[in-house]
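S.K.: Mind having a look at this structure? Questions to follow.
The values are calculated or read from the model by the stated rules, or taken from the named source; none is laboratory data. Quantities reported herein were computed from a predicted structural model and do not represent experimental measurements. Neighbour counts run over all protein chains shown; Cβ positions are idealised from the backbone, glycine included. SASA here: full protein model, heavy atoms, side chains in, ligands and nucleic acids out. Shrake-Rupley method; radii C 1.70, N 1.55, O 1.52, S 1.80 Å.
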Amino acid sequence: SRITFRSTSLPTPHLVLLLVATPTHSALTPPPLASSHRTSPSPDPLLLLYSSFSSLPPLFKNTSLNKMGICGSTPYKGAEKNVVIVGGGYAAVYLCAHFQKSMHNLRITILSPGDYFDVAWASPRAIAEPAGANRNVIQFSKIFKNGRVKHKSGSAASVSKTAVTTNTGEVLPYDVLVIATGALYPAGSGDVTALKATPGIDTAAARVKQLRDLGAKVAGAKGVMVVGAGFSGLEVAGEIAYTYPNLPVKLFTGSKPLGHGMPASVQKGLVASFAKKTNVTVITGPRGSAADAEQHGCDVVFMCTGMVPTTSFLQGGDLAGALDAKGFVQTTPTLQVKGFSNVFSFGDCASPSQSPSMSGYHTINAAAGVVGPNIIRMLNGEALKPVKPAEEGGMITLNKSEGAGYMGTMVFPNFLVKMMKSGDLFRGKMSGELTGAPPSFVK
């Protein structure tokens, strides 16, 4: 059949991809990472055009940081309002980047102790290949340079209904507050804490040093222990095992087998991939802990078993009641904090039971398509729109040539993950997109 594409808004050359994707239930689906063996010499019967703008990562769309304001919402032209965004990670920075492209009458302040954006999902690669760790940080001075967004160095000490008090005692009044402080690995998690910039690592140079120091530790290790086989655990084990083929890596999956909960073909491919790595031992059953590392011959430990939301500054204040038992911020479907119409929250600090998965490009979509527009709608007195449920899934990169991915029941073949993510993990792409200039990294 013939497919016709029509567009009147493509100012620059665009690559149009016809992506071959096979539903997970098809018997013809080859494991993404295993040998390409088919039960029939004929091609897959289903050719799916994976072109839905609601599904593709905004990094691959012209609309990601569009020129229409905050996702084309009606501009806010009323009296100037103060918008304070607490946090300096993926959620906060992308929201600020969208506002920076807009012409709304808003005074935007981002409160973050660091002077850079940390591309945290690329940390496993930076640890395995420390020479390229500088590609993991993008300085705020290069992102927020037109004056519409002001970066204030510091962290939130407390929050009231009208203002944020910083760790230095400065009071930042707000008309709208966004809590996007993310989550960190808890103390006692071993070396995994460095997968995200830890408190006190406040400069881009310090973050690069932190990653390179851990990379040097891994290079000189006698063994590496990875506990947890979620996306982070798989990527840490995969990257290190690939770069150091003679370094023993022990991957503890807990009570569930490797790839549990993922589509069958993805699980099969991951099992096959790690089985080919002679330096990796996959251990199912015992959970594993830092205390067990020595008996397993390991002196580097990555406890990739869950993170703690960075929301302690809300305890004891006016917003304390919005936290759940684990410290996550409870939100409504419009991503407003429960009980506060002018306070929003999304990303890793928001309650997973209240809002959809905010990992990866879902976070960008939430910033571009929900939080930003809803702030403007609220200020304009318009009805707010809910976030769309996000399907489980994402892309797993085990190294530069191997990967797996899925979204709901759709499985991404290895070549697609390799083409889209595995090479540079979006680092150069994000630098250019956020700064509006060719990629430029600290030394």
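S.K.: Enumerate the amide H contacts of residue 411 below 5 Å, restricted to partners 5 or more residues apart or on another chain; note that Pro and chain-start residues carry no placed amide H.
M.R.: When sequence neighbours closer than 5 places are left aside, the close amide H contacts are 22, 24.
S.K.: Could you order the peptides 164-174, 321-331 from most to least packed, using the average number of other C-beta atoms within 10 Å per residue?
M.R.: 321-331, 164-174
S.K.: Could you tell me how far the Cα centroid of segment 373-415 sits from the Cα centroid of segment 264-285, in Å?
M.R.: When both Cα centres are located, 26 Å separates them.
S.K.: Please list, ordered by chain and number, the residues whose modelled amide H lies under 5 Å from the amide H of residue 117; skip anything fewer than 5 residues away on the same chain.
M.R.: For residue 117, the qualifying residues are 138, 139, 140.
S.K.: For residue 101, list the lysines whose Cα falls under 26 Å from its own Cα; do not include residues on the same chain fewer than 8 positions away.
M.R.: 61, 67, 77, 81, 142, 145, 150, 152, 385, 388, 421, 429
S.K.: How many lysine pairs does segment 164-295 hold where the Cα atoms are under 27 Å apart and the two sit 8 or more places apart or on different chains?
M.R.: The result is 24.
S.K.: Can you tell me the Rg and Dmax of segment 167-303, counting just the alpha carbons, in angstroms?
M.R.: Rg, Dmax (Cα atoms, Å): 17.9, 57.
S.K.: Place +1 on the Cβ of every Lys and Arg and -1 on the Cβ of every Asp and Glu in segment 143-231, take the dipole about the Cα centre, and give the residue among 151, 229, 176 whose Cα lies farthest towards its positive end.
M.R.: In segment 143-231, that residue is 151.
S.K.: If you count only protein heavy atoms and use a 1.4 Å probe, how large is the accessible surface of residue 400, to the nearest 10 Å²?
M.R.: 90
S.K.: A follow-up question, please. Tell me, what is the 1.4 Å probe accessible area of residue 142, in Å² to the nearest 10?
M.R.: 60
S.K.: Which whole-Hz ³J(HN,Hα) couplings does segment 282-287 yield from phi under the Karplus relation 6.51 cos²θ - 1.76 cosθ + 1.60, θ = phi - 60°, glycine and proline marked x?
M.R.: For segment 282-287, the Karplus-derived couplings read 8, 10, 10, x, x, 5 Hz, x marking Gly and Pro.
S.K.: Please list, in chain and number order, the residues 5+ apart from residue 149 or on another chain whose amide H is under 5 Å from its amide H, with Hs placed from the backbone.
M.R.: Here nothing satisfies the definition.
S.K.: While we're on this one: Keeping all protein chains in the complex and leaving out DNA, RNA and ligands, what accessible area do you get for residue 282 with a 1.4 Å probe, in Å² to the nearest 10?
M.R.: My reading of the accessible area for residue 282 is about 60 Å².
S.K.: With the Cα gyration tensor of segment 376-443 giving a ≥ b ≥ c as the square roots of its eigenvalues, does the rule (a/c under 1.5 for rounded; else a/b larger than b/c for prolate; else oblate) give rounded, prolate or oblate?
M.R.: It comes out oblate by the Cα gyration axes.
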